[in-house]
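Encoded as structure tokens, the structure appears first; notes follow it.
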Amino acid sequence: MPTPMTHAFVGASLSVALPRGLRGLPATTACAFLAASPDLDIVGFFLGVPYSNTFGHRGITHGLPFATLVAAGVVLLAIGAGRVARKQSVHLFLGLAVIVGSHGILDMATNGGLGVGLLIPFQGDRLFLPFRPIEVSPISPSRFLTDGFPVIVTELLWVWMPCITAVILIRSTRDHLWVEKQNGTPEGSRKIKL
């Protein structure tokens, strides 16, 4: 698995694609937590749940159905609390599903572990991507201190740099389209802050 901070960084990065009015530090923080949250399944290690079990590490919490349920739950809570207009709910749902789902996809790109239950509960196989450039992070903090450098290097190269690039592209495209929509031309008021 990539480090929790890398999963959180991906969630924070993807938060720039959330609907206008739902961006900012609280939303970015929530997205960072949601992206890292599937690894809360490590509690299973302490409860005796086998790694290979559906409820073990990289099992059901790393699947796309789980990401969909979490996204739907958060959207319903946000609508109920009056924080999200119904017309923004589909955009928010899709964004959150991608953010939570990114966790399993990233874990599939690592070179260790038993694979990811991406389609659990519909299909129980543990899967990897064909291309796995990310060094798997040791779960133990003491092992990370001794073996963590290659993990950090591969995460910077294969996750952090693409995320930074994506944020720049999303912000510039989003801002350009928003200005064009407001003014009818891409020029005009570049001073609009989104």
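Inside the range 133-154, can you point out the residues that are farther than 14 Å from Met5 by Cβ, part of a loop (DSSP other than H, G, I, E, B) and out of contact with any helix residue (DSSP H, G or I) (no Cβ under 8 Å at 6 or more places or on another chain)?
Passing the criteria: only Ser140.
Is there any pair linking a residue in the range 1-23 that is basic (Lys, Arg) to one that is modelled with pLDDT of 90 or more and open to solvent by 20 Å² or more (accessible area, probe 1.4 Å), with Cβ under 8 Å and at least six apart or on different chains, and which?
Hits for this filter: Arg23/Val16.
Just to be sure I understand, how many residues within the range 67-100 are in a helix (DSSP H, G or I), touching a residue at least 40 places away in the same chain (Cβ under 8 Å) and not small (Gly, Ala, Ser)?
Number satisfying all stated conditions: 8.
Name the single residue, out of those in the range 41-67 being touching a helix residue (DSSP H, G or I) at 6+ places or on another chain (Cβ under 7 Å) and within 18 Å of Ile139 (Cα to Cα), that is most open to solvent (accessible area, probe 1.4 Å).
Phe55
Taking the range 101-117 as the search range and keeping residues that are open to solvent by 20 Å² or more (accessible area, probe 1.4 Å) and in a loop (DSSP other than H, G, I, E, B), which one is modelled with the lowest pLDDT?
Among those residues, the one meeting the criterion is Gly113.
The values are calculated or read from the model by the stated rules, or taken from the named source; none is laboratory data. Since this is a predicted model, take the numbers as computed values, not measurements. Because the Cβ atoms are built from the backbone with ideal geometry, glycine has one as well, and the counts that use them run over all protein chains shown. Accessible surface areas use protein heavy atoms only, side chains included; no ligands, DNA or RNA. Shrake-Rupley method; radii C 1.70, N 1.55, O 1.52, S 1.80 Å.
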